[in-house]
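Participant: Got a structure for you, written out below as C-alpha cells; questions coming shortly.
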Amino acid sequence: MVVSLRLPSLTSLFSPITTTTANSLRRRTPAFLRRSRSHRFQSQQLLPPPLPLLAARFSSAQGTAAAETASEEQRVDSNAKSRVNSDRDRVITPRSQDFNAWYLDVIANAELADYGPVRGTMVIRPYGYAIWEAIQEYLNARFKETGHSNMYFPQFIPYSFIEKEASHVEGFSPELALVTIGGGKELEEKLVVRPTSETMVNHMFTQWIHSYRDLPLMVNQWVNVTRWEHRTKPFVRTLEFLWQEGHTAHATPEEAEKEAMQMINVYTKFAYEQAAIPVIVGRKSRVETFAGASMTYTIEAMMGDRKALQAGTSHNLGQNFSRAFETQFTDENGQRQHVWQTSWAISTRFVGGIIMTHGDDAGLLLPPRVAPIQVVIIPIWKKDDDKVGVLNAASSVKEVLQTAGVKVKLDDTDQRTPGWKFNFWEMKGVPLRIEIGPRDVSSGSVVISRRDIPGKQGKVFGISMEPSSLEAYVKDKLDEIQSALLEQATSFRDSNIVDVSSYDELKVAISQGKWARGPWSASDEDELKVKEETGATLRCFPFEQPQGNKTCLMTGNPAEEVAIFAKSY
C-alpha cells in the first residue's frame with residue numbers, strides 16, 4: 001500500500017510570502033495542507049504541525065485501502081490521473097512576475113535541492129550537487145596548477161581562538177553556532193562550529209612554520225561551514241553551505257599580495273569561461289572588507305533581478321592573524337618575522353548565481369561547461385515495429401558522443417510522452433536535445449534543438465548521424481551556446497549599470513533597481529548613510545577604472561576611483 005503525501009515547497013520554507021506566492025500555493029496545494037501551511041507561515045517553522053499530517057496520513061491510508069477493491073482498469077486510470085496531477089504541480093512562476101518564487105520553483109522542479117529539517121538548511125540533490133562538482137573539478141585543477149595542496153582542518157574550533165583576533169570575533173559573533181555540551185557533560189570551553197578557518201589554520205601554521213625554508217605554505221580544503229543566518233535563501237544564504245577555502249603563508253607582503261590577486265583572477269576566469277557570468281572584479285571598501293583582512297578582492301555578479309551577488313572573494317590578511325597567533329619564522333638573516341597571509345573562497349552560492357543569471361520562464365538554463373548533462377537524446381516512436389530501430393540508433397548516437405567526451409543522457413523510458421520529456425529536460429536546463437524518430441533512422445540523421453533558443457528557431461533538422469560529423473556539430477553548438485549565454489548576460493549587465501555624478505542620481509538609479517557607478521572618496525560614515533537611505537551597498541572599486549579627473553559624487557572632493565553601488569543578496 002502506497003500513501004502519497006505532497007510535502008511543503010521550497011517557496012514556503014525560504015521566502016517571505018507575497019500575495020502572488022500565497023495564491024499560487026493555494027491553487028497547487030491539497031486542501032488538507034492549506035490550514036497547516038498557513039500556521040507555518042505565521043510561526044516561521046519549517047515542518048508542518050504533526051497532528052494535521054497524521055490525520056492526513058490516516059485519511060490517505062483509508063482511501064488507498066478502499067481503492068484496492070477497485071478493478072485493474074480503475075487503478076490504471078487512477079495512476080494516470082495521478083501522473084497528470086503531478087505534472088500540473090510542476091509549475092514555474094514567471095520570472096517577471098515574482099523573481100523569488102520563480103527561483104524557488106526552479107530549484108524544486110529541476111530537483112536541485114530540498115529543505116532540511118532544521119530551519120534555513122537545505123539538502124543538495126544529485127543534480128544540484130553535480131553542478132557543484134563541475135565547479136569543484138575546474139577549480140581543483142587550477143589550485144593544484146598554482147601550487148596548492150588539499151588538506152582538512154577540524155570543524156570544531158575552540159572559542160578562545162575566535163577571540164584572539166578582535167575584528168574577526170566582532171564580525172562573526174552574530175553568526176556563530178556554539179557547542180556547549182558533549183558526551184552529556186558541559187564542556188570546559190565552548191566550541192565554535194566552523195564559520196571559516198583562519199583561526200584554526202593559524203594555530204596549525206604556528207606549529208608547522210619555523211624557517212623561511214618552510215615558506216610559502218599553500219593549502220586548500222573543501223568543507224562545509226556554518227553561519228547562523230536569519231534570512232535564508234537556498235544556495236545563496238543558508239545556515240550550512242559547502243565551499244573551498246584556501247590559506248597561504250608567505251615571507252613578504254609582496255608575495256601575499258601577488259597570491260591574493262592570483263586567486264581572484266582564477267575565480268574571474270572561472271566565472272567568465274565556465275559559468276558564463278560576466279563578473280566585475282574589484283576591491284572591497286573598508287566597510288565591506290572581510291573581518292580580520294587588510295584587503296578584500298571580490299567578483300560581483302548581476303543576477304536576473306539586477307541584484308548583486310558576491311560570487312567569490314580573495315583576502316590579503318596581512319599580518320593580522322599571524323600577530324594574534326604568533327605565527328613566525330626565522331628569515332635568511334636570522335631574524336624572527338611574522339608571516340604574511342591570504343585566504344580565498346568560493347561556495348555553493350555560485351550555483352545560485354548560475355540559476356539566477358541564466359534561467360528563464362521555462363526553468364533552468366545551464367552553460368554547457370557546468371551542465372551535468374550537456375545533451376539529452378529523446379527517441380520517438382508510435383508503433384512497436386519502430387521501437388527497436390529507433391532505440392538502437394539512439395544508443396549508437398549516445399555511444400558516439402560519450403566517446404567524444406560529451407556528457408549525454410538517453411531518456412528511453414516509455415512512461416512519458418516525448419512532449420513531456422522535451423519540457424522536462426528544458427526545465428532541467430540541458431543545453432542540447434537530440435530527437436530521433438523512424439524517419440530520422442531511415443535518413444541517417446537527427447533533429448537537434450538548442451535550449452537557449454526556444455521554438456522552431458532553435459531546432460535544426462537533418463543533422464547526419466555519421467560519427468565525425470555529429471561529434472563536430474554537437475561540440476560546435478555547445479561552444480556557441482556557451483558564448484551566447486555570456487554575451488547575453490554581459491549585455492544585460494551593461495544595460496543596467498548607470499554612471500552617476502551626484503548622490504541624487506545614485507538614489508534614482510538604485511530606486512530603479514539598477515547599479516550605480518560613480519566617483520567615490522567619501523568616508524565610511526557616508527558609505528553607511530547610502531546603505532541606510534537606499535538599501536544599496538558599495539560592491540567594489542572595479543579594477544578597470546576610467547581615466548581623467550574625478551569628483552566624488554557625495555562630497556564634491558577629488559576622487560581617484562569610481563565605485564559601484566547596488567542592492568545585493
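The values are calculated or read from the model by the stated rules, or taken from the named source; none is laboratory data. On a predicted model such as this, the values are computed, not experimentally measured, just so you know. Ideal geometry is used to build each Cβ from the backbone, glycine not excepted, and the neighbour counts take in all protein chains shown. Just the protein is used for accessible areas: all its heavy atoms, side chains included, with ligands, DNA and RNA removed. Shrake-Rupley method; radii C 1.70, N 1.55, O 1.52, S 1.80 Å.
Participant: Sequence gap at least 6, Cα distance under 8 Å: using those rules, report the relative contact order of the range 113-358 to the nearest whole percent.
Facilitator: Values: 466 pairs, mean separation 50.8, N = 246.
The value is 21 percent.
Participant: So which GluC sites (Glu not before Pro) in the range 520-556 are both in a DSSP loop and have at most 12 other Cβ atoms within 10 Å of their Cβ? List each step's numbers first, then the result.
Facilitator: On the way: sites: Glu525, Glu527, Glu532, Glu533, Glu544; in loops: Glu544.
Sites meeting the loop and neighbour criteria: Glu544.
Participant: Compute, for Asp411, the solvent-accessible surface of its heavy atoms (probe 1.4 Å) with the complete set of protein chains present, and express it in square angstrom to the nearest 10.
Facilitator: 10 Å²
Participant: Moving on to the next point. Could you give me the ³J(HN,Hα) list for the range 239-253, computed from phi with Karplus coefficients 6.51, -1.76, 1.60 and θ = phi - 60°, whole Hz, x at Gly and Pro?
Facilitator: 4, 10, 8, 9, 7, 10, 10, x, 9, 9, 10, 9, 8, 9, x
Participant: For the range 375-476, what proportion of DSSP beta bridges, expressed in % and rounded to the nearest 5, is antiparallel?
Facilitator: On the way: 8 of 16 bridges.
Antiparallel bridges: around 50 percent, rounded to the nearest 5.
Participant: Within straight cross-link reach of Lys514, meaning Cα distance under 13 Å, which aspartates and glutamates are found once same-chain residues fewer than 8 apart are removed?
Facilitator: Excluding near neighbours in sequence, the set is Asp305, Asp494, Asp499, Glu505.
Participant: Moving to a separate point now. Counting other Cβ atoms within 10 Å, which trypsin sites (Lys or Arg not before Pro) in the range 486-555 have at most 15 and lie in a DSSP loop?
Facilitator: Details: sites: Arg493, Lys507, Lys514, Arg517, Lys529, Lys531, Arg539, Lys550; in loops: Lys514.
When the trypsin sites (Lys or Arg not before Pro) of the range 486-555 are filtered for loop state and at most 15 Cβ neighbours within 10 Å, nothing remains.
Participant: Whole-Hz ³J(HN,Hα) for each residue in the range 502-510, computed from phi via Karplus 6.51 cos²θ - 1.76 cosθ + 1.60 with θ = phi - 60°, x for glycine and proline: what do you get?
Facilitator: Calculated HN-Hα couplings, in order: 9, 5, 4, 5, 4, 4, 5, 4, 5 Hz.
Participant: What are the residues whose amide H is under 5 Å from the amide H of Ala563, where those residues sit 5 or more places off or on another chain and H is modelled from the backbone?
Facilitator: Placed amide hydrogens put Gly518, Trp520 under 5 Å from Ala563.
Participant: In a shell of Cβ-Cβ distance under 12 Å around Ile135, excluding Ile135 itself, what net charge do Lys and Arg (+1) and Asp and Glu (-1) give?
Facilitator: On the way: positive: Arg142, Arg349, Arg369; negative: Glu133, Glu137.
Once positives and negatives cancel, what remains is +1.
Participant: Given q = 0.07, 0.09, 0.12 Å⁻¹, what are the Debye log10 I(q)/I(0) values for the range 113-358, with equal point scatterers placed on the Cα positions and solvent ignored?
Facilitator: Each listed q maps to, in turn, -0.24, -0.39, -0.71.
Participant: Along the positive direction of the dipole of the range 230-372 (beta-carbon charges: Lys, Arg +1; Asp, Glu -1; about the Cα centre), which of Ala249, Trp344, Phe290 reaches farthest?
Facilitator: Phe290
Participant: Related question: Take every Cα pair under 8 Å in the range 414-483 that's 6+ residues apart, average their separations, divide by the length, and report that relative contact order as a whole percent.
Facilitator: 24 percent
Participant: Express in whole angstrom the spacing between the alpha-carbon centres of the range 314-378 and the range 252-282.
Facilitator: What the calculation gives is 9 Å, centre to centre.
Participant: Report the local net charge at Ile373: Lys and Arg +1, Asp and Glu -1, summed over other residues whose C-beta lies under 9 Å from its C-beta. Intermediate values should be presented prior to the final figure.
Facilitator: Details: positive: Lys407, Lys409, Lys428; negative: none.
Once all neighbours under 9 Å are counted, the net charge is +3.
Participant: Now, a different point. Please give the residues of the range 437-456, grouped as numeric ranges, whose backbone N is less than 17 Å from a label point set 7 Å along the Cα-to-Cβ vector of Glu466.
Facilitator: Under 17 Å, as judged by backbone N against the label point of Glu466, lie 441-447 of the range 437-456.
Participant: Could you name the aspartates and glutamates whose alpha carbon sits less than 14 Å from that of Lys428, not counting residues in the same chain fewer than 8 places away?
Facilitator: In chain and number order, the partners are Asp105, Glu111, Asp360, Asp361, Asp411, Asp452.
Participant: Would you please give the residues with an amide H less than 5 Å from that of Leu410, counting only those at least 5 places away or on a separate chain, with H modeled from the backbone geometry?
Facilitator: HN-HN under 5 Å from Leu410: Ile377.
Participant: Could you compute Rg(Cα) / (2.2 N^0.38 Å) for the range 206-331, with N its residue count?
Facilitator: Numbers: Rg = 16.4 Å, N = 126, 2.2 N^0.38 = 13.8 Å.
The range 206-331 yields a ratio of 1.18.
Participant: With the dipole of the range 500-567 worked out from charges on the C-beta (+1 for Lys and Arg, -1 for Asp and Glu) around the Cα centre, which of Leu506, Met554, Pro519 lies farthest toward the positive end?
Facilitator: Highest projection toward the positive end goes to Leu506.
Participant: Also, I was wondering about something else. Ser469: net charge of surrounding residues, Cβ under 13 Å, Lys/Arg +1, Asp/Glu -1, itself excluded? The partial results should precede the final answer.
Facilitator: Values: positive: Lys475, Lys477; negative: Glu466, Glu471, Asp476.
Taking every other residue near Ser469 into account, the sum is -1.
Participant: So if I place +1 on the C-beta of Lys and Arg and -1 on the C-beta of Asp and Glu, and nothing else carries charge, what would the dipole magnitude of the range 500-567 be about its Cα centre? I want it in debye, nearest 20.
Facilitator: Values: 8 positive and 11 negative charges, 62 e Å.
About 300 debye.
Participant: Of the cross-linked pairs Lys507/Lys550; Lys233/Lys258; Lys144/Lys233; Lys164/Lys307; Lys269/Lys475, which ones have a Cα-Cα span greater than 27 Å in the structure shown?
Facilitator: Lys233/Lys258; Lys144/Lys233; Lys164/Lys307
Participant: What spacing in nm lies between the two simple spin-label points modelled at Glu525 and Met151, each 7 Å away from Cα in the Cβ direction?
Facilitator: 4.6 nm
Participant: Using only C-alpha positions, report the orientation-averaged shadow area of the convex hull of the range 114-157, nm², one decimal.
Facilitator: Numbers: hull surface 19.2 nm².
That works out to 4.8 nm², a quarter of the Cα hull's surface.
Participant: Quick check: Cα centre of the range 504-554 to Cα centre of the range 132-148, how many Å?
Facilitator: Each part's Cα centre sits 34 Å from the other's.
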